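Have a look at the structure below, then the notes.
The values are calculated or read from the model by the stated rules, or taken from the named source; none is laboratory data. All of these numbers come straight from a predicted model, not from anything done at the bench. A quick note on method: Cβ atoms are made from the backbone with ideal geometry, for glycine too, and the neighbour counts reach across all protein chains shown. These area figures cover heavy atoms from the full protein model, side chains too; ligands, DNA and RNA do not enter into them. Shrake-Rupley method; radii C 1.70, N 1.55, O 1.52, S 1.80 Å.
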Amino acid sequence: MSLRNSFWRITKENWSFVFLLVFIIIISACSSDKKTSSKLKGRSEFTPPAADTEYFQEIGQEIGLNFVHSIGDDELDNIIESVGGGASFLDYDQDGFIDIYVCSGKWIEGFSKGKKPGFKTENHLYHNLKNGTYEDVTEQAGVGGNDYSMGATVGDFNNDGFPDLYVSNYGTNTLYNNNGDGTFKNVTKRAGVAGGNACSVGAVWFDYDNDGLLDLYVGNYLFFDPNYKYFYAPDGFPAPMAYDSQPDVLYHNKGNGVFEDVTKAMGITDIDGRAMGVGAADYDEDGFVDIYVANDHTLNYFWHNDGGKGFTDRGTMSGTAFSQGGEATVSMSVDFADYNGDGLLDMFASDDSYCSLYENLGNGIFAEKGVISGISMASAQFVGWSSSFFDYNNDGNLDIYKANGALKHLYGQEDQIFENQGNGKFKDVSLELGEYFKKELVGRGVCLGDYDNDGDIDAFIVNLNDHSVFLRNNKGNQNNWLTLNLVGTSSNRDGIGARIKVTSNGKVQTAQKRSTTGYLSQNDPRMHFGLAKNTLVEKIEIKWPSGKFQVLENVKANQILTVTEPK
């Protein structure tokens, strides 16, 4: 038999096998292409829309931010459901672009009265893809949680270079350690920061003893009793004062992944405070970070840090415990900034009516300027929740973003932006800045930051039991700017507590690096400064928490500059 005839016979006899083999190869290739195509689709199905004529353009759905907050059911029928909804900007993978972590409630047996939502309710982590869009990486990162969550505060508690997450919950809280590979590990039990069966709302990272390790203050709300039914029917459910308060907790970082409850040892005596928002900053520039607690219906606390050895409440003494009318208000959140350029850190505290702008007069005393500044009368018709200082137009004067929403009903209210006029006055310019500010939504948490690294500040807003909103700033970078990314060495790695002075064309801006800002939320971890038309910063002065001083000179505008603490 010839070789040719042998080959033909073998081929003919195995034709069915050859056909099957080719078929499998083709199908596998198609399947592979399909998977690749699907993967690419997941990373490119969203495209940021072109800028329109509005200052703030709503683009959340177009860029992959499809988060829907849940109170756990379809009815707002208790005080716990009303107070959730925080969000934080963080760069969890340290790629230079800020990601978003956002918190949600969930349906709980014996707690929730309405119907279960028709979707999975959990917290979400959105990864910034550096092209103006986000992808949901919650499952891969392992941070969805199984609790009824309120908010999150971000801090690198172990100084490994990757930011960690502390989530405050109705029930036990959660500490997620960032593994540095895109995943997180729940280390709550070992760390000792679960907090028991409390209702934690606000929390803040700060280094109270300047040992280079971030400590943690957790604000607890009230002992909720789902069976308590005595209330005025039109209110919908009992008010906060119907329940006993829960004491706050201060945790000291021992440096080995473990925290110690030092609340009593450090003089924190929270007898009747129902904590909502919590903030920390060194208001008297003595080198030690202080704590402000915005309490619901009772006087606010201002815990002065006595050299890292204890705390003394100076709320009443400083003039910040009460509102301008001398009343204990329904306080929601607090933020610190030098809004008038005198080198002293002032405060803004939002509440259910007039809100309070506290001007720092020095010597531990504040003057309430809500009415004089023009903020109070414009705020009076709204219930203010998250409020933060930011420079939306980069003119060098700090403005205020304020989210609004009803207390006991899912009634929407418009958010507000107060523009700093530079003379101690603020003007509500919301309606001039975009169609979003005509919408009535039940606002709660807000985080502010430069998501696309274009030099102006954007906003992510959590609305109670509703879709979130993302506002892109289209015009702020028409003025110049500078952003500082601080890296501590002797100090905590985040540089939280560092005080910065930026001098440009004779104007001095003073700021302090903070963790939590506003209500249950946290802004861009980088420090942003508007420079108006100035193209050069003559001097940057940094006082690190360790006490070290650092000076940089002749820095060009319009850049994100990483500054490392000198060793």
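Here is how the numbers come out for the structure above:
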| quantity | calculated |
| --- | --- |
| Accessible surface of segment 212-365 [probe 1.4 Å, protein heavy atoms]: carbon and sulfur percent | 53 percent |
| Cα centroid separation - segment 495-559 against segment 395-456, whole Å | 22 Å |
| Rh (Kirkwood; distinct C-alpha pairs) - segment 266-317, Å | 11.2 Å |
| Potential extension, Lys533-Asn197 segment - 0.36 nm per residue separation minus Cα distance | 115.7 nm |
| Quotient of Cα Rg and 2.2 N^0.38 Å for segment 377-464, N being how many residues it contains | 1.07 |
| Net charge, Gly443 excluded, C-beta distance under 12 Å - Lys, Arg +1, Asp, Glu -1 | -1 |
| Fraction in percent of alpha-carbon pairs per bin - 5 Å, segment 464-503 | 6, 13, 15, 13, 11, 18, 15, 8, 2 |
| Radius 10 Å from Cβ of Cys103, net charge of other residues (Lys, Arg +1; Asp, Glu -1) | -1 |
| Quarter of the Cα convex hull surface for segment 506-567, i.e. its orientation-mean projected area (nm²) | 5.3 nm² |
| Viscosity 1.567 mPa s, temperature 4 °C, Stokes-Einstein D of segment 236-287 from Kirkwood C-alpha radius, µm²/s | 93 µm²/s |
| Sparsely packed trypsin sites (Lys or Arg not before Pro) within segment 388-495, loop by DSSP, other Cβ within 10 Å at most 15 | Lys425, Lys439 |
| Calculated SAXS-style log₁₀ I(q)/I(0) at q = 0.07, 0.08, 0.10 Å⁻¹ - the chain, Debye, Cα scatterers | -0.39, -0.50, -0.76 |
| Segment 276-388 pair-distance distribution - Cα-Cα, 10 Å bins, rounded % | 16, 52, 28, 4, 0 |
| Pairs of alpha carbons in segment 67-142 whose separation is greater than 20 Å (percent) | 39 percent |
| Derived scalar couplings ³J(HN,Hα) [segment 409-423; Karplus, 6.51 cos²θ - 1.76 cosθ + 1.60; whole Hz; x for Gly, Pro] | 9, 7, 9, x, 9, 6, 6, 9, 10, 9, 8, 6, 7, x, 10 |
| Residue list for segment 473-493, given a label point 7 angstrom along the Cα-to-Cβ vector of Ile560 and an amide N cut-off under 18 Å | 473-478, 480-488 |
| Net lengthening on full extension, Asn423/Asp244 (0.36 nm per residue, minus Cα-Cα) | 60.1 nm |
| In Å, descending, principal axis extents of the Cα set of segment 160-285 | 52, 38, 22 |
| Phi to ³J(HN,Hα) by Karplus 6.51 cos²θ - 1.76 cosθ + 1.60 over segment 184-193, Hz, x for Gly, Pro | 10, 10, 6, 10, 4, 4, 5, 6, x, 10 |
| The chain: angle of helix 3-13 to the longest principal axis, Cα-based, in degrees nearest 10 | 60 degrees |
| Loop-exposed chymotrypsin sites (Phe, Trp or Tyr not before Pro) per DSSP, neighbour cap 11 Cβ within 10 angstrom, longest uninterrupted part of the chain | 233-567 |
| Per residue, the convex hull volume that the Cα atoms of segment 223-316 enclose (Å³) | 130 Å³ |
| Rounded percent of accessible protein surface that carbon and sulfur make up, segment 445-538, 1.4 Å probe | 44 percent |
| Value of relative contact order over the chain, rounded to a whole percent, pairs C-alpha under 8 Å and six or more apart | 14 percent |
| Accessible area of the chain divided out per residue, in Å², using a probe of 1.4 angstrom | 40 Å² |
| Degrees separating the helix 15-44 axis from the principal Cα axis of the chain, which is the longest one | 20 degrees |
| Evaluated over segment 405-515, the Cα radius of gyration and Dmax, each in Å | 17.1, 49 |
| Geometric extent, Cα atoms of segment 77-209 - Rg, Dmax (angstrom) | 15.0, 47 |
| Longest site-free stretch - the chain; sites: GluC sites (Glu not before Pro), DSSP loop, at most 16 other Cβ within 10 Å | 110-284 |
| Kirkwood hydrodynamic radius of segment 344-401, Cα pairs, Å | 12.1 Å |
| Residues with amide H under 5 Å from that of Asp351, placed H, sequence gap 5 or more | Met332, Ser356, Gly384 |
| For segment 493-502, 3J(HN,Hα) per residue [Karplus equation, 6.51 cos²θ - 1.76 cosθ + 1.60, θ = phi - 60°, Hz, x = Gly/Pro] | 4, 6, x, 5, x, 5, 10, 10, 10, 10 |
| Theoretical gain in end-to-end length, Phe119 to Lys439 [0.36 nm per residue, Cα-Cα removed] | 112.7 nm |
| Reciprocal of mean inverse Cα separation for segment 164-219 (Kirkwood radius, Å) | 12.0 Å |
